[in-house]
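> Dropping the structure in here first, questions after.
The values are calculated or read from the model by the stated rules, or taken from the named source; none is laboratory data. Predicted model, so just to flag it, every value in this text is computed and none were measured. Please note: Cβ atoms are built from the backbone with ideal geometry, for glycine as well, and neighbour counts cover all protein chains shown. Each accessible area value is taken on the protein alone, full model and side chains, heavy atoms only, with ligands, DNA and RNA left out. Shrake-Rupley method; radii C 1.70, N 1.55, O 1.52, S 1.80 Å.
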Amino acid sequence: MEGYGQYCPIALGAEVFAERWTPIILRNLFVGCHRFGEILEGAPGLSRSVLVQRLRRLERAGVVTRGQQGRAVEYRLTDCGMELIEVCMALGAWGARWREVPPEYLDPYLALWMLSRLIDPGSLPRRRIVVRFELTDRSRPDRYWLVLARSGNEVCAQPPGFDDDGIVTLDTAWLVRWYSGVVSLAAAQRAGGMTVIAPPWLVRELAAWGRLSPFADIRPIRAPSGRAPTLG
């Protein structure tokens, strides 16, 4: 990215932050993606070559450190990077309040992937929890498994080889609305947007997971066009 050639702190900060994919990479690092492949998983559309370029630039800027964990390379936010996360969060809050989400942006995999990153494995009431999500719209694939374990969480598009603890049936729009905290699990069920087949303990967990988004308490404000934005 070519610099602005200005001494203004906003221009200097934008030279690091306002490059395509950089806020997404920072977000993924913040939610615990320390390895190259993990960062890619949460950034559909980001190429490996561009990620390499962005990580190198963030290293040079002192935002990210690169180190070895055994044979694996890991990337972590520095103190400088953690302060830049505050900019990310402010941008997210603004986007949740003022931006309308086009239907084509709704991505069931990304919603479940982000949810898997927000759920603390140490908080799980059982050693492993498997929830199957059945999508009723034209999403392909139309079935995902959220596999949560003390050793780490993941999202699978193929049967993971474990029994389901519960089944959630909904379309992508309702999935995003529930995950992002726009609507509670109970409200989604009353409205007929979500059907849950699960024991009471898992229903309680699902209700709590729908409040994990850092933007869950932000409500959209009517856009200048007169249309009320929707968060999903």
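> Kindly rank 127-137, 174-184 from highest to lowest mean number of other beta carbons found within 10 Å of each residue.
The peptides rank, most packed first, as 174-184, 127-137.
> Just subtract the alpha-carbon distance of residue 97 and residue 85 from 0.36 nm times their residue separation and send over the number in nm, one decimal.
This chain segment gains 2.5 nm when fully extended.
> Which one of 11, 43, 23 is farthest out on the positive end of the charge dipole of segment 1-61, using unit charges on Cβ (Lys, Arg +1; Asp, Glu -1) and the Cα centre as origin?
Positive-most Cα among the choices belongs to 43.
> Moving to a separate point now. In whole percent, and with a 1.4 Å probe on the protein chains, what portion of the accessible area of segment 75-232 is carbon and sulfur?
Carbon and sulfur atoms account for 52 percent of the accessible area of segment 75-232.
> Mind checking the dipole of the chain: about its Cα centre, +1 per Lys or Arg Cβ, -1 per Asp or Glu Cβ, Debye to the nearest 20?
Using Cβ point charges on Lys, Arg, Asp and Glu, the chain gives about 60 debye.
> While we're on this one: Suppose all protein chains stay in the model; what accessible area per residue would a 1.4 Å probe give for the chain, in Å²?
Roughly 56 Å² per residue, with all protein chains present.
> Something else about it: Shape call for segment 1-74 from the C-alpha gyration tensor, a ≥ b ≥ c root eigenvalues: rounded (a/c under 1.5), prolate (a/b greater than b/c) or oblate?
Note, shape of segment 1-74 comes out prolate.
> Mind ranking 105, 7 by accessible surface for me, highest first, 1.4 Å probe?
Details: 105 160, 7 200 Å².
Order by accessible area, largest first: 7, 105.
> Still on this structure, please answer the following. Expected output is a single nm value to one decimal: the length gained when fully extending between residue 10 and residue 197, i.e. 0.36 nm times separation in residues minus the C-alpha distance. What is it?
Residue separation times 0.36 nm, minus the Cα-Cα distance, leaves 62.3 nm.
> Just grab the label-to-label distance for residue 65 and residue 109, each label 7 Å out from Cα along the Cβ direction, in nm (one decimal).
Those two pseudo-labels are separated by 3.3 nm.
> Name the helices (complete DSSP H segments) of the chain with a Cα length along the long axis of 20 Å or more and a Kyte-Doolittle mean of at least 0.0, or state none.
Membrane-span-like by this rule: 79-98.
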